[in-house]
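Quick notes on the structure that follows.
Derivation of every value follows stated rules applied to the coordinates shown; laboratory data play no part. Computed from a prediction, not measured in an experiment: that's the story for all the values here. Neighbour counts run over all protein chains shown; Cβ positions are idealised from the backbone, glycine included.
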Amino acid sequence: MISLFQRVRMAHMEITPELVHNLGRLSRLALTPEEEVKLEGELRSIVGFFEKLGALDTEGLSEMARPVETTNRLRADQIRPSLSQQEALSVAIEQEDGQFKVPRVIE
């Protein structure tokens, strides 16, 4: 089986001051020049980390959804007494043919 990193190789991304400025503008952030310089370094670090991950040899490793196993902590379904149709409809503002009648929400 081909892993995600093998299917989608991350191309080298150059982080430039212009890119950071445009990202800030598109995100509607009012970044100061100092913040743009700081963000440029942080983005370079993040992209560099992903490039390192992309360079790892993942041949023979199975894909996984999460790094640790999880177990279902939900309780088992249990049949219990509930309201009858008549009891449930007793609080309805409007009903029709044994069902709740509500205003149309999709035209």
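Worth a mention:
- Spacing of the two label points (7 Å from each Cα toward its C-beta) at R66 and E51, in nm: 3.2 nm
- Taking every alpha-carbon pair under 8 Å whose residues sit at least 6 apart, the chain reaches a relative contact order of 28 percent.
- Choice from P81, P67, P17 with maximal GNM fluctuation in the chain (Cα, 10 Å cutoff): P81
- Difference of contour (0.36 nm per residue) and Cα-Cα distance, R75 to E36: 9.1 nm
- Normalised convex hull volume, the chain, alpha-carbon set, Å³ per residue: 336 Å³
- Separation in nanometres of the label points that stand 7 Å from Cα toward Cβ, at T58 and Q95: 5.5 nm
- Range in the chain, longest, excluding exposed trypsin sites (Lys or Arg not before Pro) [loop by DSSP; at most 15 other beta-carbon atoms within 10 Å]: 29-72
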